[in-house]
Amino acid sequence: MKAVIQRVSEARVSVDGKSVGEIGKGTVVLLAVEQRDGEKDAEWLARKIVELRMFSDHDDKMNLSLEDVGGSILAISQFTLAGSCTKGRRPSFADAAPPEEGKRLYEYFVAKVAESGIPVATGIFQADMKVALVNDGPVTFILESPKSREM
């Protein structure tokens, strides 16, 4: 699994002009499921994002997690993160999981985040979504579940 995570002061996602999910302080997670991903990848990524100390403490050091700041997650499925642009000029999505498996693991990731006690809002899987956010910092990280080692 691949994720781009952004620390935000607020974010929302809309479909057909209607807001379907929004958060205040927290993290926007753009999530891609790849072909060889499984539940362990989703569990690892959910735990990593929930526990990642990416919020500033009183000394302006990144020492606080989502739980520490009372933050939320806005999780958006984004299969294009699984795309490869190394050959030619048209992206290849050969590594992206089939839609049914992508949806299952995306929903599993969301459930794991919710189990941790972090409020989570979502977009709509496979919908044409508009995401608006205020990136705080800006702070942005790219995470990838470790496929070649034990999690």
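The values are calculated or read from the model by the stated rules, or taken from the named source; none is laboratory data. Predicted model, so just to flag it, every value in this text is computed and none were measured. A quick note on method: Cβ atoms are made from the backbone with ideal geometry, for glycine too, and the neighbour counts reach across all protein chains shown.
Figures for the structure shown
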| item | result |
| --- | --- |
| Qualifying residue in the range 11-33 (condition: assigned to a helix (DSSP H, G or I) and farther than 21 Å from residue 133 by Cα) | no |
| Hey, residue 41 under 19 Å from residue 1 (Cβ atoms), more than 12 Å from the chain's Cα centre (by Cα) and not in a loop (DSSP other than H, G, I, E, B) or not | yes |
| Within the range 14-38, tally of residues that are on the phi < 0 side of the Ramachandran plot and under 13 Å from the mean Cα position of the chain (by Cα) | 7 |
| Any hit, the range 75-82, residues being touching a Ser or Thr at 6+ places or on another chain (Cβ under 7 Å), closer than 24 Å to residue 26 by Cβ and not in a loop (DSSP other than H, G, I, E, B) | yes |
| Residue check for residue 114: assigned to a strand (DSSP E or B), within 18 Å of residue 30 (Cα to Cα) and modelled with pLDDT of 95 or more | no |
| Matching residues in the range 83-111 - criterion: being assigned to a strand (DSSP E or B) and either within 16 Å of the chain's Cα centre (by Cα) or surrounded by 15 or more Cβ atoms within 10 Å (Cβ to Cβ) (or both) | 96 |
| Hits in the range 112-151 (condition: under 14 Å from the mean Cα position of the chain (by Cα) and free of Cβ contacts under 8 Å to residues at least 60 places away in the same chain) | 114, 120, 125 |
| Selection status of residue 21, surrounded by fewer than 22 Cβ atoms within 10 Å (Cβ to Cβ), under 26 Å from residue 136 (Cβ atoms) and touching a residue at least 24 places away in the same chain (Cβ under 8 Å) | yes |
| All positions within the range 70-82 that are closer than 21 Å to residue 55 by Cβ and either buried (at least 16 other Cβ atoms within 10 Å of the Cβ) or touching a residue at least 60 places away in the same chain (Cβ under 8 Å) (or both) | 71, 72, 73, 74, 75, 76 |
